[in-house]
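Below is one structure, written out as structure tokens, with a few remarks after it.
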Number of protein chains: 2
Amino acid sequence: MTIDSTRRIGFIGTGIMGKPMVRNLIKAGYEVLIHNRSRGSVDELTAESGAVTAASSPSEVANSVETVITMLPDSPDVQTVVFGEDGIVVAARPGFLLVDMSTIAPANTRVIAERLQVAGVDMLDAPVSGGDIGAINATLSIMVGGKPEVFERVKPLFELLGKNIVLIGGNGAGQVAKACNQIVVAMTIEAVAEALLFAKKNGVDASRVRDALMGGFAASRILEVHGKRMLDDDFAPGFKLKLHQKVMRIVMETAHQLGMALPGAALVTQQMNALVGSGDGDLDSAAIMKAVRRVQGGV
Amino acid sequence: MTIDSTRRIGFIGTGIMGKPMVRNLIKAGYEVLIHNRSRGSVDELTAESGAVTAASSPSEVANSVETVITMLPDSPDVQTVVFGEDGIVVAARPGFLLVDMSTIAPANTRVIAERLQVAGVDMLDAPVSGGDIGAINATLSIMVGGKPEVFERVKPLFELLGKNIVLIGGNGAGQVAKACNQIVVAMTIEAVAEALLFAKKNGVDASRVRDALMGGFAASRILEVHGKRMLDDDFAPGFKLKLHQKVMRIVMETAHQLGMALPGAALVTQQMNALVGSGDGDLDSAAIMKAVRRVQGGV
């Protein structure tokens, strides 16, 4: 039975990302059984649609449906929801499927997937990029790790939530791709910030520099979007620095485990640490420009 | 008189970039008076077309035409061609125009422009990006500094050589924009190299990661073009590391003069220094991947 034909699904973690994703599933005709630690979004979603039902625990969700999506803040949250008291694992049975769309460490994902496999449960790691706007507009990029046949089963579901859906490899590969994404995004933001500030310090109109650079090899989505934010001094998120910092912590921990040096990624992680530490964690990642300015004595 | 109507122009520096640029001018119906330190390309171009004439010195070129383009390796070359014995300045007269398309330090450009202005000579700094392929195909990005009215006069000429032609600001602004371009390109290459190697060290197919990342905020021309070169381990230039290193030296010198810290740009400059020092200067900039690999004990 494909997921598409059951039209029932569980969803755990209805926060800033999960809530609009649940709405997109409802819009596509799904019944969604939800669970969340805090009640606010649960009440909101059940009030909005008769297709949403609240469950009191992850195990209750897992007992009632064949497939559960999790969208949680960090590794410990996923571990608790899966293996904690009243966790999904209580209801684990062959044929049951967990799709973890949270961004967590690849090593943790692999351990969870292996433990579930013992109980006959398949799992996909399917972290996303695109932020809450991507979640609302169903334009998320979804990077998937797991078995190809499981991916094919879940693909119609992913297509209700995102646009660029790629199976990267086995379990954990989705999380690795997400980490790679955040490495590139972070360092490109640092690059654009340094270049635009260099222009300004030289007395040159940084906005014209950005225009010129968009026509050549320096062109990127970051120069376009985050470069504009820097020029406008508009650091409203977008994707919050503190969330980006979390992914860079995962990158640095993974690099440590692998015995691997990532000098550029490390540098940008330090910028983020300083920004989050000085109260800028709720700003957009483009605020890395603030760290670049501060070291020059600017604000 | 617009440059377009005279159909005669001087061109000094007919190397890997200058030679195809001269050919594009000839193709458009220009007569070109050329000069180059070494004879090889001069003989080649004069043999190719009756529209090309060789001059024995920069001053001879400047005496015979109203406008001279220079395309030279570095600041000292431009200074010698302009102010040296038999330099352009010998033939300086009001109405004469110098278009320096070399990539040199912004501070040097400003000094040259000021000294020429005293003699009533206008100058544009108009460095390019796009490499020899861009020069051959007339698809160079041209970043221009100088007076708007001079820019308008020269624009038809630029349109024979490139595609994305932007007046950035006054004298030196073109060089600043070029420096910004190389900062962003260098750091984005480092970003892509670290991310793709991170994927590989995690046992994940880096090619699929690149595919996935091209669909989101990590998308860039560098991820597309240089990312592909890294995956293919193909570091044939393209734009040579030793030339990119030259621009990063200009960036670092300018940052020193300004009293400005560019931590990311400094890091990548060190990668380039190590690569050029170990004999990889003639490889493409994408070979920054080799520096990232080497520090892990790879090759």
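Here is the figure for region B:251-275: residues that are among the hydrophobic types (A, V, I, L, M, F, W, C) and either more than 11 Å from every other protein chain (Cβ to nearest Cβ) or open to solvent by 30 Å² or more (accessible area, probe 1.4 Å) (or both) total 8.
Rundown of residues vs (1) buried (at least 19 other Cβ atoms within 10 Å of the Cβ); (2) in contact (Cβ under 8 Å) with a residue 60 or more places away in the chain; (3) touching a helix residue (DSSP H, G or I) at 6+ places or on another chain (Cβ under 9 Å); (4) hydrophobic (A, V, I, L, M, F, W, C), yes/no style:
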position: A:L157; (1), (2), (3), (4): yes, yes, yes, yes
position: A:N171; (1), (2), (3), (4): yes, yes, yes, no
position: A:Q175; (1), (2), (3), (4): yes, yes, yes, no
position: A:A195; (1), (2), (3), (4): yes, no, yes, yes
position: A:G203; (1), (2), (3), (4): no, no, yes, no
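List, please: which pairs have Cβ atoms under 6 Å, are six or more places apart or on different chains, and start with a residue in region B:238-265 that is assigned by TED's automatic domain parsing to the domain that holds B:T103 and end with one that is open to solvent by 10 Å² or more (accessible area, probe 1.4 Å)? Hits for this filter: zero, empty list.
Before we move on, is A:I69 closer than 24 Å to A:P94 by Cα, at pLDDT 95 or above and either in a helix (DSSP H, G or I) or not basic (K, R) (or both)? Yes: the conditions hold for A:I69.
Residues in region A:143-201 that are among the aromatic types (F, W, Y) and over 29 Å from B:A179 (Cα atoms): A:F151, A:F158. Inside region A:180-226, can you point out the residues that are of a type in the set (F, W, Y) and either more than 7 Å from every other protein chain (Cβ to nearest Cβ) or under 20 Å from B:A195 (Cα atoms) (or both)? Once the filter is applied, which keeps residues that are of a type in the set (F, W, Y) and either more than 7 Å from every other protein chain (Cβ to nearest Cβ) or under 20 Å from B:A195 (Cα atoms) (or both), region A:180-226 yields only A:F217. So which residues in region A:276-288 are away from chain B (no Cβ under 12 Å) and crowded, with 16+ Cβ neighbours inside 10 Å, if there are any at all? Residues satisfying the conditions are A:V276, A:D280, A:G281, A:L283, A:A287. Among the residues of region B:154-165, the one identified as within 13 Å of A:L213 (Cα to Cα), touching a strand residue (DSSP E or B) at 6+ places or on another chain (Cβ under 6 Å) and either modelled with pLDDT of 95 or more or basic (K, R) (or both) is B:I165.
All conditions in (1) out of contact with any Gly (no Cβ under 6 Å at 6 or more places or on another chain); (2) open to solvent by less than 20 Å² (accessible area, probe 1.4 Å); (3) part of a strand (DSSP E or B) hold for A:L45, with the sole exception of (3).
The set of residues from region A:1-16 being out of contact with any Ser or Thr (no Cβ under 6 Å at 6 or more places or on another chain), surrounded by fewer than 22 Cβ atoms within 10 Å (Cβ to Cβ) and in contact (Cβ under 8 Å) with a residue 40 or more places away in the chain comprises A:M1, A:T2, A:D4, A:T6, A:R8, A:G15, A:I16. B:D132: acidic (D, E) and under 22 Å from the mean Cα position of the chain (by Cα), yes or no? Taking the combined requirement at face value, the residue satisfies it.
Close contacts from region B:17-31, counting a first residue that is open to solvent by 30 Å² or more (accessible area, probe 1.4 Å) and a second that is acidic (D, E), with Cβ to Cβ under 7 Å and a gap of 6+ residues or different chains, come to B:M17/B:D132.
The values are calculated or read from the model by the stated rules, or taken from the named source; none is laboratory data. Bear in mind that the values here come from a model prediction, so they are computed numbers and not experimental data. Positions of Cβ are backbone-derived with ideal geometry, glycine not excepted, and every protein chain shown enters the neighbour counts. To get the accessible areas, we keep the full protein, side chains included, count just its heavy atoms, and leave off ligands, DNA and RNA. Shrake-Rupley method; radii C 1.70, N 1.55, O 1.52, S 1.80 Å.
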